[in-house]
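The values are calculated or read from the model by the stated rules, or taken from the named source; none is laboratory data. The shown structure was predicted, so the numbers you read here are calculated from the model rather than taken from an experiment. Here the Cβ is made from the backbone with ideal geometry for all residues, glycine too, and neighbour counts use every protein chain on show.
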């Protein structure tokens, strides 16, 4: 084989390798990210969990997200919110509660300024469903808390079709016949790769609360009322994932990712599930 042919084939192989390596790393959530001045930073996860079981799932999720070579580290700290899970500047507040038969299993909200900079976040798990036989198992709980927390980093889903990519950032359901499966309960390599892409640049300021100083009060931008989420911006084809956008009076924007139950999605995949009932 001539040298020129070898060079062409080698170049093509290199392109294929690079392309394949980047296939999974395309799940940034709108380019949203925390502003920071260092290549690696620690995001406080406010522990507002009401049971030892949920607290252990949050601790595991934090450990799992800290296990990769990631610019985003997490630290579980005492929560500063309540059942309503109001956001607190510079942190992600994590909560569980009986939020009602409203169709959602988990949701994550972030407040952003300047179009992309996350200033605060919250992640909620709905015990109204997690206390039922369908969803009350350790793997489904771990899957959902791992995902909702990571949305507040700026990560979107790798897949929403229900298949397992073996990451908590997919919509595989650890229920029914899959209740004993540990698939999709942790992040995978593509999640850490995407975080590296999202946070490859530095900012001139930071929106992350310092580890030595906690914000004094919560924000009023988050609510249990689905009508306060704003307009429906996008929805997955199977109806299990919806994103809502709301513009606030102070010029900021609140973006909410909603993880609907299997039942809510199945009733009308193309509907805005807030109005199904």
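Picking from residues in the stretch 171-197 that are closer than 25 Å to residue 71 by Cα and buried (at least 22 other Cβ atoms within 10 Å of the Cβ), the one that is modelled with the lowest pLDDT is 171.
Just name the residue that is nearest to residue 153 (Cα to Cα) out of those in the stretch 29-49 that are without any contact (Cβ under 8 Å) to a residue 60 or more places away in the chain and surrounded by 16 or more Cβ atoms within 10 Å (Cβ to Cβ). The residue in question is 46.
The combined condition, being surrounded by 24 or more Cβ atoms within 10 Å (Cβ to Cβ), in contact (Cβ under 8 Å) with a residue 60 or more places away in the chain and touching a strand residue (DSSP E or B) at 6+ places or on another chain (Cβ under 9 Å), is fulfilled by residue 72.
Every residue, every condition in (1) assigned to a strand (DSSP E or B); (2) closer than 23 Å to residue 87 by Cβ; (3) in contact with a helix residue (DSSP H, G or I) (Cβ under 7 Å, 6 or more places away or on another chain); (4) without any contact (Cβ under 8 Å) to a residue 40 or more places away in the chain, yes or no:
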residue	(1), (2), (3), (4)
102	no, yes, yes, no
119	yes, yes, no, no
132	no, no, no, yes
145	no, yes, yes, no
149	no, yes, yes, no
159	no, no, no, yes
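Considering the stretch 71-86 alone, what residues qualify as being at pLDDT 95 or above and assigned to a loop (DSSP other than H, G, I, E, B)? Correct list: 71, 79. Of all residues in the stretch 216-231, those satisfying the criterion of being buried (at least 17 other Cβ atoms within 10 Å of the Cβ) and modelled with pLDDT under 85 are 218, 219, 221, 222. If the condition is being modelled with pLDDT of 95 or more and either part of a loop (DSSP other than H, G, I, E, B) or surrounded by fewer than 16 Cβ atoms within 10 Å (Cβ to Cβ) (or both), then the stretch 60-69 contributes 63, 66.
Find all pairs meeting these conditions: Cβ atoms under 6 angstrom apart; at least six residues apart or on different chains; first residue within the stretch 245-268 and loosely packed, with under 15 Cβ neighbours inside 10 Å; second residue assigned to a strand (DSSP E or B). So the pair list comes out as 247/253.
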